[in-house]
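Readers should treat all values here as calculations from the given coordinates under stated rules, not as data from a laboratory. Source: prediction; values computed, not measured.
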Amino acid sequence: MATRTATKVGSGVQPKGLRVGLVAVTATYSVAAATSLSAGDVIQMVKVPMNATPVYVAVTGGSGDALVTVGDGVDDDRYVSAVTMSSAQPTIRTINTAYVPYTYSADDTIDIAVSTVSVGTITGGFNMIAIFSMNT
């Protein structure tokens, strides 16, 4: 089990945009064959600043079959609950229909958590788009 980070969550990186209105952030995490993912791994994809309210989150990618969730440091499946990501089904997974808008009280990240892997490891990569509103 390891925590990995996409380039958009590196030290000193903050989503660009006005502090009021909508901000869109995209991130890609490429999985090298030598560091393929396995069950229990977490990929921190996008930083979310304090007072942000995500209105749209979508994720696609993965090569191999894996059960993943998309959430944050407080709730690991806040946005997407236990979906299979595979190269055979490269569909875009978006926010759960039961999603209740959540405003962050502290800086956090939107993460992909790998629950199970049916082919041993995952290679390839993941792409994420997050749009959040900033009211202050």
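The 3J(HN,Hα) values that the Karplus relation (6.51, -1.76, 1.60; θ = phi - 60°) gives for segment 42-55 are, in residue order, 10, 10, 7, 9, 9, 7, 10, x, 3, 6, 8, 10, x, 10 Hz. Gly and Pro appear as x. Our estimate of slack between Y99 and T28, defined as 0.36 nm per intervening residue step minus the Cα-Cα distance, is 23.2 nm.
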